[in-house]
1. The conditions are (1) touching a residue at least 60 places away in the same chain (Cβ under 8 Å); (2) under 18 Å from the mean Cα position of the chain (by Cα); (3) under 26 Å from B:Arg186 (Cβ atoms), and B:Gly53 fails exactly one of them. Which is it?
2. Give me the pairs: first residue in the range A:1-29 and farther than 18 Å from A:Pro359 by Cβ, second residue of a type outside the set (Asp, Glu) and open to solvent by 80 Å² or more (accessible area, probe 1.4 Å), beta-carbon distance under 8 Å, and six or more apart or on different chains, which are they?
3. Taking into account only those residues within the range B:174-213 that are within 14 Å of chain A (Cβ to nearest Cβ) and of a type in the set (Asp, Glu), which is nearest to A:Ser69 (Cα to Cα)?
4. In the set B:Glu184, B:Glu147, B:Glu166, which member is touching a helix residue (DSSP H, G or I) at 6+ places or on another chain (Cβ under 8 Å) and open to solvent by 50 Å² or more (accessible area, probe 1.4 Å)?
5. Any residue in the range B:198-212 that is surrounded by fewer than 21 Cβ atoms within 10 Å (Cβ to Cβ), over 18 Å from the mean Cα position of the chain (by Cα) and among the aromatic types (Phe, Trp, Tyr)?
6. Could you please tell me which pairs satisfy a Cβ distance under 6 Å, a separation of 6+ or placement on different chains, a first residue in the range A:69-80 that is acidic (Asp, Glu), and a second residue that is open to solvent by less than 10 Å² (accessible area, probe 1.4 Å) and assigned to a helix (DSSP H, G or I)?
7. Criterion first (β-branched (Val, Ile, Thr), within 28 Å of A:Leu47 (Cβ to Cβ) and open to solvent by less than 10 Å² (accessible area, probe 1.4 Å)) does B:Thr122 satisfy it?
8. Does any residue in the range B:182-194 that is within 30 Å of B:Ser165 (Cα to Cα) come within less than 9 Å, Cβ to Cβ, of a residue that is part of a loop (DSSP other than H, G, I, E, B) and polar (S, T, N, Q) six or more places away or on a different chain, and which pairs are these?
Amino acid sequence: MFELSKDHEDFRKVVREFAEAEVAPHIAQWDREHHFPVDLVPKMGELGLFGLVVPEEFGGMGDDGDFTSLCVAIEELGRVDQSIGITLSAGVGLGINPILTYGSQEQKERFLPDLVAGRALAGFGLTEPDAGSDAGATRTKAVRDGDEWVVNGAKAFITNSGTDITSVVTVTARTGTNDDGSAQISAIMVPNGTPGFTVEPAYDKLGWHASDTHGLTFQDCRVPVGNLLGTEGNGFKQFLKTLDDGRIAISALAVGMSQRMLEETTSYAKTRKAFGNPIGVNQGVSFQIADLAVMVEASRQLTYKAAWLKDELEKGRRSVAEVKQAAAICKLYSTEAAVTATRIATQVFGGNGFMEEYPVARFYRDAKILEIGEGTSEVQRMVIARNLGLPTA
Amino acid sequence: MNIVVCVKYVPDAQSERTFNESDNTTDRVGVDGLLSELDEYAVEEALKIVEAGEGEVTVLTVGPDQAADAVKKALQMGADKGVHVNDEAIHGSDSVATSLVLAEAIKKIGDADLVLTGMASTDGTMSVVPAMLAERLGLPQVTFASELTVDGQQVTIRRDGDAASETIVASLPALVSVTDQINEPRYPSFKGIMAAKKKPVETWGLADLGVDASQVGLDAAWTKVESFTKRPPRQQGQIVTDEGDGGTKLAEFLSAQKFI
């Protein structure tokens, strides 16, 4: 069976220390000011966080690293702040992974070393105003013109796409029509600063205030044909392959959140007094916290089981189908548990839970997106049901 | 340049620190411990010196089994090898005995051009071990360095006082203690954590150092803790409602406490 190794636990300690020292003292201000802490990214790079699943030749950790380590890092950052957790999760899962998995040697050499070192960030543009998980409805178009692709269209909610150090955004676009009439989707890399590529102003989000999210527009945006990532017409399939990792990573982020809610409520219930006693003496409070502890444990087991399966898949010992199912299951459970955890925590905190002075309020705002990003809870149920062999429409 | 950095495993100041009921010594087993934060500056400085030139950083600790964690952290940061002096008889040692054990260990490591320490431990906070150690080793002692440069056969430090800064030069080999102003210690990277697993750590007992057990431990200590009591729980503060005279009330309070 799976378990976290001593190395994973050593690494957890360091990431926790880093998050407590480099993130915790500033996060209230970053959140309030919607500030993306760009200076933090190279520090995360020095720790090795962006290179955990990357070969050594591009500055990564090679065989020493694994996907489980990445989940540990995401959980620990997420325990202190979710915006920073998603910055890492998206930076690796959406920025680095597609290039690493489908890029040519030249593309990898050009982009990966800076991304792994935290000197640069990359975004992945799939979602559109009218197309999310239904990626086949993609409207953005790329038309071949001589030695160039001409991209036109718009993308929505793209993480890490507008930071001062964003080097490239990979976008999915229709490049033709298949025989059955469905859209042929390809992935094309658009470097920052390409004429016709506009990063729209940052979104005004409910949560994740310290993470970078923008809409993108492409108007006659020209890039060399060599910027095609992977095989022409395979963009959709390519994307689906990296989706499972992203779901497990979001699940790790949710574990960090629930863990933090457990810590916050436990300590508050011991110290806050009402009617002459700490509020934790009331079963109305203590039972909710007990439930929280169960949720944390269950989320953590499901998440690291899925991460372990993913690492085993890399070694050829497990199947894609197993990982897919485990990813959907952990993502569904952990994120819904995290939303519940923040509801419990804010309730235990009473009036203080409604005040931004207390971190539980920030986590409450940050929780909702977890049930939505990387496939909504409904999409996860769809995937799980489909894997069970239930009939589909 | 061979550098030996002395580090201490201390109870985490974030958790509840206490004494053992049985012998009134610091409880190092029942509480979470870590590499003393003030020693991280010494490790960092040693790494910077070696990275800028050449040489080897050996990290040395004296302590119980758990103290191996302090050595490990320093190796994860980038030190080359570790020495852990661990002997039941050392339990309860005062700083005089600790400096004896450290000095003998440094002699056994051999060929140290520079011995670095933190400015104090975060548990005892006495700052005396560096001086005692320099005396025992017959080295120039250059303490409280907020800046350190190694140049050929000498070391130059800046020591900041309340009113002035001193520049002190000493010939090598020397012992230098560093403050928390000297640098910003690095975090161990993932690579560092993995690399540390392969780095050599030697564990020595008193016999390996030729130190007699009677020279160390609780019985040999020059000071003794007779008793201890837990800190009383914090009392509720005094709340003053500002009815236009808040400033005056505040001044009265501070004056009564002799702050102003």
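The values are calculated or read from the model by the stated rules, or taken from the named source; none is laboratory data. Keep in mind that this is a model prediction, so the values were computed, not measured. Here the Cβ positions follow ideal geometry from the backbone for every residue, glycine too, while neighbour counts run over all protein chains shown. The protein model used for the area step is the full one, side chains on, heavy atoms only, and it has no ligands, DNA or RNA in it. Shrake-Rupley method; radii C 1.70, N 1.55, O 1.52, S 1.80 Å.
1. Only one criterion in (1) touching a residue at least 60 places away in the same chain (Cβ under 8 Å); (2) under 18 Å from the mean Cα position of the chain (by Cα); (3) under 26 Å from B:Arg186 (Cβ atoms) is unmet by B:Gly53, namely (2).
2. Note: pairs meeting the criteria are A:Asp7/B:Lys197.
3. B:Glu184
4. Just one listed residue meets the conditions, B:Glu184.
5. Yes.
6. These pairs meet every condition: A:Glu75/A:Ala252; A:Glu75/A:Val255; A:Glu75/A:Gly256; A:Glu76/A:Val15; A:Glu76/A:Ala19.
7. no
8. That search, which allows pairs on different chains as well, returns B:Ile182/B:Ser146.
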